[in-house]
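These notes concern the structure reproduced below.
Here, each number is a calculation from the coordinates, and none is a lab measurement. Everything numeric in this text was worked out from a predicted model, so none of it was measured. Here the Cβ is made from the backbone with ideal geometry for all residues, glycine too, and neighbour counts use every protein chain on show.
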């Protein structure tokens, strides 16, 4: 299967390089998890892919087109992002927030068509947020907000979904629900997913491939089984005797995988 996004020798950072030689190819329906300690550059990679940060070097191809030649509006039709940064819209319902995901399609006046309204409703239903759709966005919980922001990204009808720590700060119920939605988007709708994640126990249940970022480079790349070894975890997170936690991690991950794949 052809790759929907190809990243070649990418260098990311804020003036000075934070991570170099980033090479990632993702096919439709594939989920890539990026792991690593705080400050390793996971979010910097994702923000560079979405053009929130200017790349320092390297190439990013979307559908074999150099992203330098893709307009912001066209990129928004191909790619959407959910980050941990909180937004603070005033006097907007959750439905209104999700509807802003249709901006690449509505033109300058932002008038929603019947098809746009249907896309909003479908996205909200997909994340199971119908019960808060009419509520003020500023008055719902963090878990509900994360669902709404995921619905907003889905509403853009992207081919590529970028997720920056989508399960952080959420209760376990919301974490599992969000992971279930992400998996369905990839496997049923063929959306390519690149996500950063801190909870290692979730990675084997959701990711097709794993990239571990450490010390300014992609330290390990492969399947969860190949990357999440005790030796590798010890090296990445500077944890002596990390082998002691890997058995428990895999036991939980296998149970979670079985549960998610039944949903």
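Numbers below:
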{"item": "Taking 26, 98, 193 and counting other C-beta atoms within 10 Å, the order from fewest to most", "result": "26, 193, 98"}
{"item": "Rounded FRET efficiency, nearest 0.05, which uses the C-beta distance separating residue 208 from residue 77 and R0 of 22 Å", "result": "0.35"}
{"item": "In nm, spacing of pseudo-spin labels at residue 187 and residue 9 (7 Å Cα→C-beta vector)", "result": "3.8"}
{"item": "Spacing of the two label points (7 Å from each Cα toward its C-beta) at residue 243 and residue 25, in nm", "result": "3.5"}
{"item": "Top of 71, 234, 43 by mean-square fluctuation, Gaussian network on the chain, Cα under 10 Å", "result": "71"}
{"item": "Between the stretch 76-112 and the stretch 200-241, the alpha-carbon center distance in angstrom", "result": "34"}
{"item": "Global geometry of the stretch 38-192, whether rounded, prolate or oblate, following the gyration tensor of its Cα atoms and the 1.5 cut on a/c", "result": "oblate"}
{"item": "Residue 261/residue 198 FRET efficiency (R0 25 Å; Cβ-Cβ; nearest 0.05)", "result": "0.65"}
{"item": "Compactness index (Cα Rg / 2.2 N^0.38 Å), the chain", "result": "1.00"}
{"item": "Added length on full extension, which subtracts the Cα-Cα distance from 0.36 nm per residue, residue 90 to residue 106", "result": "3.6 nm"}
